[in-house]
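Read the structure below first, then the notes.
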């Protein structure tokens, strides 16, 4: 087991090239926010944009779009059930995040199946929340993409077959190694761990705490991971995911010095300032 420190953040978060443009920082597609979970995809998108993602498009229910744009006019949004548009956006994206606020119904299952079918090995797919539950319960096939799972303990139980009591480092690593090589798992818990299939090193956080135990915190983390995955090509995807996970808890810990519980939207507001300071 390796412990994560802020030295990794300085390695990952670097100054932007003066010749770069928004296309260099990831073309993200976020899918979720079906009734009654509209807020989840908004929080994920806020985190992705504030983490520096170049272009962010959200597929959500039409009724959610006005509220979404009131919070985040910087991102595009369309009706999740416009299948031709959805297929087009899946093919164009460099990073796809599916799951924040995704209900576990037959229609949502069909959307996940479409994503799994269309993604290719050059794309990065992040599965969170409802997408993990659907993927595990329906025994869906692994996609061709580079894949990242962000389960909490109950979702990891469903995905790995390990009871919560059995989710020690060795058993979890063994379960991760059953996945296609290169698959990443961010196991959200007290002392969050990050695994990669085929990689012997496991990274663990020593920061974070119960001040993060509130609705939307996982959606925010998933958005940050997607945002980091689409940029910082000078380091591995493994390092990008670890850095996003560490920064999420580091900001929360700083905010917790003044508040009892850290709200995900307040955490997202601090991301650009922290990234600027770390890039110096």
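Can you tell me which of 262, 241 is in contact with a helix residue (DSSP H, G or I) (Cβ under 8 Å, 6 or more places away or on another chain), surrounded by 17 or more Cβ atoms within 10 Å (Cβ to Cβ) and outside any helix (DSSP H, G or I)?
Unique residue meeting the criteria: 262.
The rows are residues; the columns are (1) touching a helix residue (DSSP H, G or I) at 6+ places or on another chain (Cβ under 7 Å); (2) crowded, with 18+ Cβ neighbours inside 10 Å; (3) over 20 Å from residue 27 (Cα atoms).
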residue: 187; (1), (2), (3): yes, yes, yes
residue: 201; (1), (2), (3): no, no, yes
residue: 219; (1), (2), (3): yes, yes, no
residue: 225; (1), (2), (3): yes, yes, no
residue: 236; (1), (2), (3): no, no, no
residue: 252; (1), (2), (3): yes, yes, yes
residue: 272; (1), (2), (3): yes, no, no
residue: 277; (1), (2), (3): no, no, yes
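Just to check your reading of the model, which residue among 135, 195 is in contact with a strand residue (DSSP E or B) (Cβ under 9 Å, 6 or more places away or on another chain) and assigned to a strand (DSSP E or B)?
Every option except 195 fails the conditions.
Can we say residue 67 is at negative phi, in a helix (DSSP H, G or I) and either surrounded by fewer than 21 Cβ atoms within 10 Å (Cβ to Cβ) or touching a helix residue (DSSP H, G or I) at 6+ places or on another chain (Cβ under 6 Å) (or both)?
yes
As an exercise: evaluate residue 60 against (1) buried (at least 24 other Cβ atoms within 10 Å of the Cβ); (2) closer than 22 Å to residue 270 by Cα and give the number of the one condition it does not meet.
If we test residue 60 against (1) buried (at least 24 other Cβ atoms within 10 Å of the Cβ); (2) closer than 22 Å to residue 270 by Cα, just (2) comes out false.
Out of 134, 102, report the one residue that is buried (at least 19 other Cβ atoms within 10 Å of the Cβ) and without any contact (Cβ under 8 Å) to a residue 60 or more places away in the chain.
134
Looking only at the range 28-37, which residues are in contact with a helix residue (DSSP H, G or I) (Cβ under 6 Å, 6 or more places away or on another chain) and either part of a strand (DSSP E or B) or at pLDDT below 95 (or both)?
Passing the criteria: 28, 29, 30.
Report, by residue number, each residue of the range 138-172 that is part of a helix (DSSP H, G or I) and under 20 Å from the mean Cα position of the chain (by Cα).
Hits for the range 138-172 are 153, 154, 155, 156, 157, 158, 159, 160, 172.
From 77, 48, 40, 44, grab the single residue that is without any contact (Cβ under 8 Å) to a residue 24 or more places away in the chain, crowded, with 19+ Cβ neighbours inside 10 Å and in contact with a helix residue (DSSP H, G or I) (Cβ under 8 Å, 6 or more places away or on another chain).
After ruling out the rest, the residue left standing is 77.
Answer with yes or no whether residue 53 is within 22 Å of residue 132 (Cβ to Cβ) and crowded, with 22+ Cβ neighbours inside 10 Å.
Yes.
The values are calculated or read from the model by the stated rules, or taken from the named source; none is laboratory data. As the structure is a prediction and not an experimental result, all values here were calculated from the model. Using ideal geometry, Cβ is built from the backbone for each residue, glycine included, and neighbour counts are taken over all protein chains shown.
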